[in-house]
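Every read-out reported here was derived from the displayed coordinates using simple, explicitly stated rules and does not represent laboratory data. Remember, it's a predicted structure, so these values are computed and weren't measured experimentally. Ideal geometry is used to build each Cβ from the backbone, glycine not excepted, and the neighbour counts take in all protein chains shown.
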Amino acid sequence: MLAANHVSQADPLFLGEMILAQGRTPRFMAKASLFHSRAVGWWFRSAGHVEVDRSDGRSGIRAAVEAVERGALVVVYPEGSITKRPDGRLMSLRSGAVRIALETSAPLIPVAQWGVQAIVPAYEGRVVLGRRRRRVTLLVGDPVPLEDLRELPRATAVTVGVQRLQDTLAAMVDQLADEHAR
């Protein structure tokens, strides 16, 4: 499973393209309202993405665990939403991605992305057009080590796992943001 930072509404397009180019089909965890939207709901349902009811996150985690156990490549945005930080950097992570990885023993692979927000700015709902070509970069990291946590009490394992993912993904996002600033 993949855990990616979230900087723009268009992130799934770029991340999905990268995954499809590797011969896999992504199954994104997404908020329930997208599944019931007239514009894109049919696509989310028919593509087999994982619906998350934010009032009951456990149902989304159960659905994601089932998808992973069926062999799906599940993509999680562990921030829970597009970043609200003005600098676009990583917010605090929720625990779902780590919970799913611990329960399924699936590798938890961090993915940092940067540059999409220059094309579709977060929360603006518009595409920025112009003559200058925009650069989007995706960086895939090594799996976050979780094997040593499986023997710990569940709450401790989740807390430590989330901190490891937070540290890893934040460093990757910072690296990309700094490279794009040059």
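Some observations on this one:
- Linear extension gain, ARG58 paired with HIS36, 0.36 nm per residue minus alpha-carbon span: 6.0 nm
- Choice from ARG132, ARG150, ARG99 with maximal GNM fluctuation in the chain (Cα, 10 Å cutoff): ARG132
- Comparing GLN22, GLN166, GLN117 in a Gaussian network model of the chain (Cα springs below 10 Å), the most mobile by mean-square fluctuation is GLN22.
- Straightening the chain between VAL127 and VAL160 buys 8.0 nm, computed as 0.36 nm per residue apart minus the Cα-Cα spacing.
- Beta-bridge orientation, the stretch 2-177: approximately 25 percent antiparallel, per DSSP, counting only bridges with both partners inside.
- Using the Cβ of VAL111 as centre and a radius below 14 Å, the other residues enclosed give a net charge of -3, where K and R count +1 and D and E count -1.
- GNM top mover of ALA21, ALA157, ALA72 - the chain, alpha-carbon springs below 10 Å: ALA21
- Distance from the stretch 17-95 to the stretch 111-182 (C-alpha centre basis), Å: 15 Å
- Summing charges over all other residues whose Cβ lies under 13 Å from the Cβ of LEU73, with Lys and Arg as +1 and Asp and Glu as -1, gives +2.
- Gyration tensor (alpha-carbon) shape descriptor, the stretch 24-103, a/c threshold 1.5: oblate
- Computed helical MRE - 222 nm, the chain, DSSP H runs ≥ 4 contributing -39500 (n - 2.57), nearest 500: -12000 deg cm²/dmol
- Cα-based equivalent ellipsoid, the stretch 74-182: semi-axes from gyration tensor eigenvalues, Å: 30, 13, 11
- Mean shadow area of the chain, taken as a quarter of the surface of its Cα convex hull (nm²): 10.9 nm²
- For the stretch 1-155, relative contact order (Cα pairs under 8 Å, six or more residues apart, normalised by length) works out to 30 percent.
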